[in-house]
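The values are calculated or read from the model by the stated rules, or taken from the named source; none is laboratory data. Worth saying up front: this structure is predicted, and the values here are computed from it rather than measured. Heads up, the Cβs are rebuilt from the backbone with ideal geometry, glycines too, and the neighbour counts pull from every protein chain shown.
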Amino acid sequence: MLKVNEILRVKGHALYTGTPDMLVHQAIESMSQLDIGSLVIMEHGELVGMLTFREIIRHIHTHDDKVGQFTVRSIMDDAPVSVSPNTSADEVQRLMLDKHARYIPVMDGPTLMGVISFYDMARAIVEAQQFENDMLKAYIRDWPVEAGTAPTPSKHSQP
């Protein structure tokens, strides 16, 4: 069964963080330049929240003319759902769907290990399915022929 630590190993451990006291416009600028959809908000070495485009869009909708006057703390999700490295991919999928979360921090106790995105999950599932498909094809291709029976010719074989 596919686990979060395997997804992180393939994805890499790059983390993009911000602080609760940074201004929203600075966070937007960072996210835009880095082409990312979330920032992990850290304070004193601990996860204190997540900032995603969802929170930013809500904020802009409410405070369009005053975006630059607010700090990340005022709009971040200060209680993001998180998972451990040993959480199954199936459980992450369920959490993402139930909580409408596109980004989930991966915590090993108090230590932030990474962030799993909806994209990361989709990619990992497609790759796992492709691997399984390739293994099944290889197994079928190498199917043992019983003694005394002739192999069935394929449509590509010569008579």
### Message
I want to confirm something. Restricting to region 110-125 and keeping residues that are assigned to a strand (DSSP E or B) and hydroxyl-bearing (S, T, Y), which single residue is farthest from H44 (Cα to Cα)?
### Response
S117
### Task
Name the one entry in I7, I41, I36 that is in contact with a Ser or Thr (Cβ under 9 Å, 6 or more places away or on another chain), in contact (Cβ under 8 Å) with a residue 12 or more places away in the chain and under 16 Å from F118 (Cβ atoms).
I36
### Query
Of E132, E55, E91, which residue is exposed (fewer than 12 other Cβ atoms within 10 Å of the Cβ), assigned to a helix (DSSP H, G or I) and either at pLDDT 95 or above or among the acidic types (D, E) (or both)?
E132
### Summary
Taking first residues from region 78-102 that are in contact (Cβ under 8 Å) with a residue 24 or more places away in the chain and second residues anywhere that are acidic (D, E) and surrounded by 12 or more Cβ atoms within 10 Å (Cβ to Cβ), the pairs with Cβ under 8 Å that are 6 or more apart or on different chains are V83/E91; S84/D108; P85/D108
### Task
Could you list all residues from region 58-113 that are in contact with a Gly (Cβ under 8 Å, 6 or more places away or on another chain), of a type outside the set (A, V, I, L, M, F, W, C) and under 17 Å from D21 (Cα atoms)?
R73, D77, D78
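Do you know which residues across region 24-61 are among the charged types (D, E, K, R) and closer than 18 Å to A101 by Cβ? First the steps, then the outcome.
Of the residues in region 24-61, the ones among the charged types (D, E, K, R) are 29, 35, 43, 46, 54-55, 58.
Selection gives R54, E55, R58.
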## Note on the structure
Flagged in region 104-124 as in contact (Cβ under 8 Å) with a residue 12 or more places away in the chain and loosely packed, with under 10 Cβ neighbours inside 10 Å, in numbering order, are P110
### Query
If you check every pair at least six apart or on different chains, which have Cβ atoms under 9 Å apart with a residue in region 125-144 that is acidic (D, E) first and a residue that is in a helix (DSSP H, G or I) second?
E127/V10
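Considering only residues that are surrounded by 12 or more Cβ atoms within 10 Å (Cβ to Cβ) and not aliphatic (A, V, I, L, M), look in region 59-77 and name the one that is modelled with the lowest pLDDT. Let's see the steps before the verdict.
Step one: list which residues in region 59-77 are surrounded by 12 or more Cβ atoms within 10 Å (Cβ to Cβ), which gives 59-60, 63, 67, 70-77.
Narrowing the set further to residues that are not aliphatic (A, V, I, L, M) leaves 59, 63, 70-71, 73-74, 77.
Numbers: H59: 89, H63: 77, F70: 91, T71: 94, R73: 95, S74: 93, D77: 95.
Top of the filtered list is H63.
Looking at M107, M31, which one is more than 20 Å from R123 (Cβ to Cβ), part of a helix (DSSP H, G or I) and within 17 Å of the chain's Cα centre (by Cα)? Give the steps one after another, and end with the answer.
Working: M107 fails: part of a helix (DSSP H, G or I).
On inspection, the qualifying residue turns out to be M31.
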